[in-house]
Amino acid sequence: MKQDILPAIRLTLVSLILVSVLYPLLIWGFAQFISPAQGKAQLVYHNGKAVGAALVGQNFSKDHYFWGRPSAVDYNAAGSAGSNKGPSNPDYLALVQSRIDSFLVHNPQVPQKDIPAELVTASGSGLDPDLSPAAAKIQVARISLSRNIPADKLYQLIEEHTQKPLLGMFGPPKVNVLHLNIALDQLK
Amino acid sequence: MNTNLLGVLVTLALSVGLAIPLGRYLAKVYQGERVWTDFLNPLERLIYRLGGVNPGEEMGWQRFIRALLTINMLWFIFAFLLLFLQGVLPLNPDGNSSMTADLAFNTAISFVVNCNLQHYSGESGLTYLTQTGVIMFLQFVSAATGMAALAGVYKAMQEKQSNTIGNFYLYFIQSITRVLLPLSIVLAIVLVAAGTPMTFDGKINLTTLQGVQQSISQGPAAAMIAIKQLGTNGGGFLGVNSAHPLENPSFLSNILQTVSILLIPMAMVFALGYYLRRQRLAWVIFGVMSIGFLSFVVGTIRAETAGNPAITAMGIDQRLGSMEGKEIRLGAEASALWGIATTATSNGSVNAMHDSMTPFSGFLQMLDMMINALYGGVGVGLLNYYIFIIIAVFISGLMVGRTPELLGKKVEIREMKIATLITLLHPFLILVGTALSSYLVVNHPDMAWAVKPGNWLNNPGNHGFSEMLYEYTSASANNGSGFEGLGDNNFFWNFSSGIVLLLGRFLPIIGPVAIAGLLAQKQYIPESSGTLRVDTPTFGLMTFAVIFILAALSFIPALALGPLAEYFSMY
């Protein structure tokens, strides 16, 4: 043991410098050039003001915006979390049912069988920035009524903001809710 | 075919495609052959000189283990002190506080043993100093510890007869400079380009489009996310790990991170084949692991894409699968694959909340960790598998009435005692821990801990039991993922899972290294027609049977009370 203590201390110090000082500094240096925002979370601006981070979801509850997914932490980006509710938990299932009921109140045009489950289940991070294209389209009738914009225009807007799967082949298509809502505010 | 499934297939193909050449490279590195990274020689010589070690010294297995344990003990003390004092140390722009003693104890052990049972949340529980100086540091060195131990076993298996198994410090440093660091640099740069933060600035405050205040945590995350995956530690920078859109911004970053989870564990299997010049053996082992792994992947993808039957019953459209706890940009299929990859490799990072997955997925994730050798953690996975091989050799030997032999060495009483103890340890830790916590929940719900036992569980019934079973399984397997609804930041969980982590790490390292060292000392018996060959499909099947009988017999009763009971109550 004794003959190992000294090398252990010295090796620890050397590897600390290597992996906890030099390595992060190197990556930080790269970030200054190749990251979208010098290594910081990339912000989205509207009318010259930062209104959110491109990758981080935020709460939309008003009828004239596209809603994102339910969040277990109310989109608190300083304390991400999922609900961690189990699939058979009766309280959880009651909560989902109440979200369905509330969705139907705000979107009376939508038949219950068409409500996408992602609109009534909480995301993993509580900060999901995206919607599936179907979950965006299902809200068109409500927004069209509330903003007095023809539905066709809204469908077209969703189409423009839909990001295709990676290389057109891998993964799901998605729509960034913040970008979509900013574009919505800019319509007219 | 749908694009989500194609995403899964390309991930798997990339993993195997990269693991084979990496395995060849690893074998050369540990054998001291010439490789293209030899330009690092001067840097390594400098490290050995500053560290005061002689990389040429050949160590016997006892000395090898002593060196390993000593430096690990030192890391624990160092990590504990920094975590306990972080609130008053620099690099803390968000003003986060120091950890309590029990939480610092648990966190320090957890990361020393290459696990990530994070009973805190990254945004508020750590500072940038401890994120980089403790967590990321340990993600490198604990991974290198496991790889070094396996490199010693490679060497011992190759020797005809020898009292030494190589040099721990040499393998340890090479694992960092030749493997973990270069790969991490590449992955971190890609992540930075994809939008993952790498900054020392604190939170961003802004007003959202709807006019609400939002604080956005960030930090030097990209560097850490790379090594958390490659070193199979799994500890995330932010609370929800790779489900967080800043940690895992896109489907591309998700593919790369999933590949990184599987890459080195798979490569270590191929490295064995190249090292021993027994490719057939490597392929038989890889085949057994992959059959188990892939059947788990198929099972969980089917369960997740079918959705939650209780939600189907509400009459809504569950086309994307069970989406509670999952992210749109990743989808149910990629989340299901990740859930199995992370539990198979003792990684423990998550891109979806396991607590909210369907019962069958939870069952497979736990079983995956109970086996803990379907690829397994970097280095340690193959060490666990080595124990199963020893037991399979022994049983096969008894079945055909010959002395059990592994690669020309007789497996005798001493080796079998060690192997048996290591095999029994895992169920012992998991089942005793779960029994104890269940007892407390039922009989002492009001104990005065930070979270009372009555409030530990986030879900009632069988699922609540699963939360406790999962926690101890994850601790004993040094995995680190969790059914995170469990209220685990209190003295009982911090202390008990800390002890389980410690035993679940070092005994399964010491055991196989000792067996390999003991076998290396024995006389080599040349292969003859009577030798039991371990590189045949028959022996592969035998090992597969041993693994499943041991896991099934030990754990099925407990699993029946948790995920299986929940499954049958829902379907």
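The values are calculated or read from the model by the stated rules, or taken from the named source; none is laboratory data. Source: prediction; values computed, not measured. Cβ atoms come from the backbone with ideal geometry, glycine included; neighbour counts cover every protein chain shown. Accessible surface areas use protein heavy atoms only, side chains included; no ligands, DNA or RNA. Shrake-Rupley method; radii C 1.70, N 1.55, O 1.52, S 1.80 Å.
Scanning region B:340-367 for residues that are touching a residue at least 60 places away in the same chain (Cβ under 8 Å), more than 11 Å from chain A (Cβ to nearest Cβ) and within 13 Å of B:GLU304 (Cα to Cα) gives B:PHE363, B:LEU364, B:GLN365. Comparison of B:ALA79, B:ALA67 shows that the only residue that is within 18 Å of B:MET147 (Cα to Cα) and either within 11 Å of chain A (Cβ to nearest Cβ) or open to solvent by 50 Å² or more (accessible area, probe 1.4 Å) (or both) is B:ALA67. Within region B:187-209, residues that are charged (D, E, K, R) have Cβ atoms under 9 Å from residues that are outside any loop (DSSP other than H, G, I, E, B) and surrounded by 17 or more Cβ atoms within 10 Å (Cβ to Cβ) in these pairs: B:LYS203/B:GLU123; B:LYS203/B:ILE216, counting only partners at least 6 apart in sequence or on another chain.
Considering B:SER497, B:SER528, the condition of being modelled with pLDDT under 90 and out of contact with any strand residue (DSSP E or B) (no Cβ under 8 Å at 6 or more places or on another chain) is satisfied by B:SER528 alone.
Remark: pairs (first residue in region B:449-476, on the phi > 0 side of the Ramachandran plot; second residue open to solvent by less than 50 Å² (accessible area, probe 1.4 Å) and not aliphatic (A, V, I, L, M); Cβ separation under 9 Å; 6+ apart in sequence or on different chains) = B:GLY461/A:GLY86; B:GLY461/A:SER88; B:GLY461/A:ASN89; B:GLY461/B:GLU566.
Only one of the listed residues (B:PRO512, B:PRO508) is open to solvent by less than 50 Å² (accessible area, probe 1.4 Å), over 26 Å from B:GLY401 (Cα atoms) and assigned to a helix (DSSP H, G or I). That residue is B:PRO508.
When we screen B:SER142, B:SER110, B:SER97, B:SER124 for residues that are without any contact (Cβ under 8 Å) to a residue 12 or more places away in the chain, among the small types (Gly, Ala, Ser) and touching a Gly at 6+ places or on another chain (Cβ under 9 Å), the only hit is B:SER97.
Counting the residues of region B:225-270 that are of a type in the set (Val, Ile, Thr), away from chain A (no Cβ under 12 Å) and assigned to a helix (DSSP H, G or I) gives 4.
Evaluate the following for A:TRP28: is it assigned to a helix (DSSP H, G or I) and in contact with a strand residue (DSSP E or B) (Cβ under 9 Å, 6 or more places away or on another chain)?
When the stated conditions are applied, A:TRP28 passes them.
For (1) in a helix (DSSP H, G or I); (2) open to solvent by less than 10 Å² (accessible area, probe 1.4 Å), each residue gets a yes or a no:
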position	(1), (2)
B:SER335	yes, yes
B:THR342	yes, yes
B:MET370	yes, yes
B:VAL378	no, yes
B:TYR385	yes, yes
B:PHE388	yes, no
B:GLY397	yes, yes
B:ILE422	yes, no
B:PRO427	yes, no
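Selection of region B:448-504 for residues being assigned to a loop (DSSP other than H, G, I, E, B), open to solvent by less than 20 Å² (accessible area, probe 1.4 Å) and of a type outside the set (Gly, Ala, Ser) yields B:TRP456, B:ASN459, B:ASN478, B:ASN479, B:PHE483, B:LEU486, B:ASP488, B:ASN490. Quick one: in region B:520-571, of everything that is part of a helix (DSSP H, G or I) and hydroxyl-bearing (Ser, Thr, Tyr), which residue is nearest to B:PHE360 (Cα to Cα)? The selected residue is B:TYR567.
Scanning for something of a type outside the set (A, V, I, L, M, F, W, C), surrounded by 22 or more Cβ atoms within 10 Å (Cβ to Cβ) and in a loop (DSSP other than H, G, I, E, B), does region A:110-121 turn up at least one residue? Please lay out each step first, then the result.
If we filter region A:110-121 for residues that are of a type outside the set (A, V, I, L, M, F, W, C), which is where we start, we get A:111-114, A:116, A:118, A:121.
Going one step further and asking which of them are surrounded by 22 or more Cβ atoms within 10 Å (Cβ to Cβ), we end up with A:116, A:118, A:121.
Retained after the next criterion (residues that are in a loop (DSSP other than H, G, I, E, B)): A:121.
Within region A:110-121, one or more residues are of a type outside the set (A, V, I, L, M, F, W, C), surrounded by 22 or more Cβ atoms within 10 Å (Cβ to Cβ) and in a loop (DSSP other than H, G, I, E, B).
Summed over region A:1-45, the residues that are among the β-branched types (Val, Ile, Thr) and open to solvent by 50 Å² or more (accessible area, probe 1.4 Å) give a count of 5. Scanning region B:168-206 for residues that are outside any helix (DSSP H, G or I) and either more than 7 Å from chain A (Cβ to nearest Cβ) or of a type in the set (Gly, Ala, Ser) (or both) turns up B:GLY195, B:THR196, B:PHE200, B:GLY202, B:ASN205. On inspection, B:ILE316 qualifies as open to solvent by 10 Å² or more (accessible area, probe 1.4 Å), at the interface with chain A (Cβ under 8 Å from one of its Cβ atoms), at pLDDT 95 or above and touching a helix residue (DSSP H, G or I) at 6+ places or on another chain (Cβ under 7 Å).
Considering A:ALA183, A:ALA141, A:ALA135, A:ALA94, the condition of being surrounded by 21 or more Cβ atoms within 10 Å (Cβ to Cβ) and either assigned by TED's automatic domain parsing to the domain that holds A:GLN58 or in contact with a His (Cβ under 7 Å, 6 or more places away or on another chain) (or both) is satisfied by A:ALA135 alone. The lone criterion from (1) open to solvent by less than 10 Å² (accessible area, probe 1.4 Å); (2) more than 27 Å from B:LEU129 (Cβ to Cβ); (3) not in a helix (DSSP H, G or I) left unmet by B:GLY211 is number (1).
Residue-by-condition table, conditions (1) open to solvent by less than 10 Å² (accessible area, probe 1.4 Å); (2) among the small types (Gly, Ala, Ser); (3) over 29 Å from B:ILE135 (Cα atoms); (4) in contact with a His (Cβ under 6 Å, 6 or more places away or on another chain):
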| position | (1), (2), (3), (4) |
| --- | --- |
| B:GLY231 | yes, yes, no, no |
| B:GLY236 | yes, yes, no, no |
| B:VAL240 | yes, no, no, no |
| B:PRO245 | yes, no, no, no |
| B:LEU256 | no, no, no, no |
| B:LEU263 | no, no, no, no |
| B:GLN279 | no, no, yes, no |
| B:TRP283 | no, no, yes, no |
| B:LEU294 | no, no, yes, no |
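What do you reckon, is B:ARG329 within 9 Å of another protein chain (Cβ to nearest Cβ) and out of contact with any Leu (no Cβ under 9 Å at 6 or more places or on another chain)? Yes: the conditions hold for B:ARG329. What are the residues in region A:43-64 that are of a type in the set (Phe, Trp, Tyr) and under 20 Å from A:ILE143 (Cβ atoms), if any? The answer is A:PHE60, and nothing else.
Yes/no matrix, rows are residues, columns are (1) free of Cβ contacts under 8 Å to residues at least 12 places away in the same chain; (2) open to solvent by 30 Å² or more (accessible area, probe 1.4 Å); (3) touching a Phe, Trp or Tyr at 6+ places or on another chain (Cβ under 6 Å):
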| site | (1), (2), (3) |
| --- | --- |
| B:ARG24 | no, yes, yes |
| B:ASN41 | yes, yes, no |
| B:LEU46 | yes, yes, no |
| B:TRP61 | no, yes, no |
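Return the only residue of B:TRP75, B:TRP61 being touching a helix residue (DSSP H, G or I) at 6+ places or on another chain (Cβ under 7 Å) and closer than 28 Å to B:ASN116 by Cβ.
On the way: B:TRP61 fails: closer than 28 Å to B:ASN116 by Cβ.
Unique residue meeting the criteria: B:TRP75.
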